[in-house]
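A quick write-up on the structure given underneath.
The values are calculated or read from the model by the stated rules, or taken from the named source; none is laboratory data. These figures come from a predicted structure and were not determined experimentally. Note that each Cβ is placed from the backbone with ideal geometry, even for glycine, and that neighbours are counted across all protein chains shown.
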There are 2 protein chains.
Amino acid sequence: MVTEREFLDGYDPRAYPAVAVTVDIVTLTIRDGVLNVLLVERGEQPHAGRLALPGGFVREETLDQAARRELAEETGILPRVHLEQLATFGDPGRDPRMRVMSIAYLAFAPHLPEPTVGGDAAAARWVPVDTASGLAFDHDAILAAGLERARAKIEYTPLATAFVDDEFTIAQLRGVYTAVWGEEPHAGNFHRKVLSVPGFVADTGATTQRGGERGGPRSKLYRAGDARILHPALLRPSLER
Amino acid sequence: MVTEREFLDGYDPRAYPAVAVTVDIVTLTIRDGVLNVLLVERGEQPHAGRLALPGGFVREETLDQAARRELAEETGILPRVHLEQLATFGDPGRDPRMRVMSIAYLAFAPHLPEPTVGGDAAAARWVPVDTASGLAFDHDAILAAGLERARAKIEYTPLATAFVDDEFTIAQLRGVYTAVWGEEPHAGNFHRKVLSVPGFVADTGATTQRGGERGGPRSKLYRAGDARILHPALLRPSLER
DNA sequence: CGAATAGTGTCTCTGAGACAGTATTTT
DNA sequence: AAAATACTGTCTCAGAGACACTATTCG
């Protein structure tokens, strides 16, 4: 990594152009069957009034801690959120003021109430991903990277369970795939498949209190299983193969 | 990302603790059937004398450009190397001198001569990944991340072709999978599979000049095809399913 | 010649997807 | 009753893996 000539003990960091390091978070959830992303409205220039991903400076903490802290500040506490590093965006000029390295994180959240504006954010709100464009800075690209990661990740990991409540039905889980992929898997085959993948879901023995709103039997309730990867994977129908 | 209160127009970056930003590169190649990684020997403290991943400071350039530039400086020019961002390592204390954000890159290189020590590196050399441990800083973890990425990536992309010459035989391609995965796919099934995946390889019409060293027919020569993803994928035999 | 290897044939088993059918619950 | 939905049965086809076989070329 750091080479000898450039980074001697006597090296003075202040002799180099300053670089700011931030984390920006693509937080996804599903509301009314639609994939939503958490955005904040910028109050200051540049890009005042535009929507942006929540984020902030990295302090004396790990990057993961920084992401978790920022997310908690924006939305109130988030106990069971899945967080993972996505990619780092640091091209010159992405922020007009100075060089900013943004370490993007991806978060999968279950359905939550409206975000509590506890932190810095002037106004944080959920926005359907279809209508989230024209974001500040290069956040359109960061969001796109997060969406693609999420779509790929629920294929071979049980992370779709991070979008639903602790106990859920197979139909609710299917709703996650429908919302994230933008297309509905075949209900019957999906059902059998989910139950056949070892460790994906665990039966609770309970069922829902009533059937669907427009009829239908009560469904069994499941919990997330202990598998960390899905074998075999659930592959997206499209993505021309 | 950057919030209003913390990053006003009058914000003074020098008021914050300085952060250095580097790129570190996991460069993989195959030498004599063994997966090797490019390492440099550190001349200065900390970790003087230990091996480390090559890398250096990010200048006024994109992160991809920084990685490509550093790699060229360490190894002489690299025309057809595949480079991709891996992850960012920036926990406090990973460098004892100051906060250093390292944006790790992964490079797939065809077999190359010994690296030309054109750049900063005191001594750069290829090291079999099996024997590459005890690296400086947190480079063991970065290397591990690179290896796992490489192993997964050749499953569903044609990037294994980045490890071989422009024209190659199926057996050479199989050697790539053997070296990267650490286990040999079944020769006959591998052969048929590679030819059956659309766009993985393209027939050149030519064959090798002679058969194997210990006998066997001449093999056909192929070039990389135009596929960017492999359908269906080549899955690792192990990785208990 | 004997050994090694390229490339192909074939069989079995798993799993994906299409489709249909049954049971249960709603309005 | 009619509609909706949970869940299951069954068929077909693609593909993975095991194994065997032929053809070619080396020492």
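The table below lists the values:
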quantity	calculated
Single condition A:K193 does not satisfy, out of (1) within 16 Å of DNA strand D (Cβ to nearest atom); (2) crowded, with 20+ Cβ neighbours inside 10 Å; (3) closer than 17 Å to A:P232 by Cα	(2)
Residue that is within 19 Å of A:D91 (Cβ to Cβ), within 14 Å of the chain's Cα centre (by Cα) and not in a strand (DSSP E or B), where the choices are B:E61, B:E84, B:E70	B:E70
Residue selected from the range B:188-205 under the condition more than 15 Å from B:Y156 (Cα to Cα) and not in a helix (DSSP H, G or I), by the criterion nearest to DNA strand C (Cβ to nearest atom)	B:D203
First in the range A:49-70 and closer than 23 Å to A:D138 by Cβ, second anywhere and among the basic types (K, R) and in a loop (DSSP other than H, G, I, E, B), Cβ under 7 Å, 6 or more apart	A:G49/A:R42; A:R50/A:R42; A:A52/A:R42; A:A66/A:R59
Some residue of the range A:206-214 being of a type in the set (A, V, I, L, M, F, W, C) and not in a strand (DSSP E or B)	no
Verdict on A:Y177 being within 25 Å of A:L53 (Cα to Cα), hydroxyl-bearing (S, T, Y) and more than 11 Å from DNA strand D (Cβ to nearest atom)	yes
Some residue of the range B:99-119 being within 16 Å of DNA strand D (Cβ to nearest atom), of a type in the set (A, V, I, L, M, F, W, C) and touching a Leu at 6+ places or on another chain (Cβ under 8 Å)	no
Selection status of A:Y222, among the aromatic types (F, W, Y), away from chain B (no Cβ under 14 Å) and either surrounded by 14 or more Cβ atoms within 10 Å (Cβ to Cβ) or within 13 Å of DNA strand C (Cβ to nearest atom) (or both)	yes
Among (1) near DNA strand D (Cβ under 8 Å from one of its atoms); (2) without any contact (Cβ under 8 Å) to a residue 40 or more places away in the chain, the one test that A:I170 misses	(2)
From the options A:T75, A:T116, residue that is modelled with pLDDT under 95, in contact with a helix residue (DSSP H, G or I) (Cβ under 8 Å, 6 or more places away or on another chain) and more than 9 Å from every other protein chain (Cβ to nearest Cβ)	A:T116
